[in-house]
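Here the structure comes first, spelled out in structure tokens, and everything after it is commentary.
Nothing in this text is a laboratory measurement; each read-out follows from the coordinates by a stated rule. Note that this is a predicted model, so its numbers are computed, not measured. Backbone-built Cβ (ideal geometry, glycine too); neighbour counts: all protein chains shown.
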């Protein structure tokens, strides 16, 4: 796991919680959706607005500015007005930590 970076304890976030992290200068969000960890870009692809201000529901993250939802696994928008995906990152849970590859 030499190219992975530890960003949180594996039990740090409860379901529907998020944590802002910066890895290699990138602003990312660690999200817990029903016990599964995902890492995505923090900023919405539609507007320069933090997804941290939104919420997690049904494996998606909502941008609270315009109401767009993004699939946490694929980054694809699931409703308008956003039409560009957000970037997703590979995540592993090992040794009591959540790891991300940027």
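In segment 2-10, is there at least one residue being part of a loop (DSSP other than H, G, I, E, B), in contact (Cβ under 8 Å) with a residue 12 or more places away in the chain and touching a strand residue (DSSP E or B) at 6+ places or on another chain (Cβ under 8 Å)?
yes
From the set of residues in segment 39-70 that are more than 19 Å from residue 23 (Cα to Cα) and in contact with a helix residue (DSSP H, G or I) (Cβ under 9 Å, 6 or more places away or on another chain), which is surrounded by the fewest Cβ atoms within 10 Å (Cβ to Cβ)?
Checked segment 39-70; the qualifying residue surrounded by the fewest Cβ atoms within 10 Å (Cβ to Cβ) is 64.
Does residue 64 satisfy the criteria of being part of a loop (DSSP other than H, G, I, E, B) and touching a residue at least 40 places away in the same chain (Cβ under 8 Å)?
no
I'd like the full set of residues that are part of a loop (DSSP other than H, G, I, E, B) and closer than 17 Å to residue 17 by Cα, limited to segment 71-83.
Those that are part of a loop (DSSP other than H, G, I, E, B) and closer than 17 Å to residue 17 by Cα: 72, 73.
Is it the case that segment 18-32 has a residue that's surrounded by 14 or more Cβ atoms within 10 Å (Cβ to Cβ) and outside any strand (DSSP E or B)?
So far as segment 18-32 goes, no, none of its residues is surrounded by 14 or more Cβ atoms within 10 Å (Cβ to Cβ) and outside any strand (DSSP E or B).
Please go through (1) part of a loop (DSSP other than H, G, I, E, B); (2) within 24 Å of residue 5 (Cα to Cα); (3) free of Cβ contacts under 8 Å to residues at least 40 places away in the same chain for residue 86 and return the number of the only condition it doesn't satisfy.
The number of the failed condition is (3).
Please find, within segment 79-91, the residue that is farthest from residue 101 (Cα to Cα) out of those that are touching a strand residue (DSSP E or B) at 6+ places or on another chain (Cβ under 6 Å) and surrounded by 15 or more Cβ atoms within 10 Å (Cβ to Cβ).
Per the stated criteria, the residue is 86.
If you take the residues of segment 33-57 that are touching a residue at least 12 places away in the same chain (Cβ under 8 Å) and in a loop (DSSP other than H, G, I, E, B), which of them is nearest to the chain's Cα centre (by Cα)?
Result: 42.
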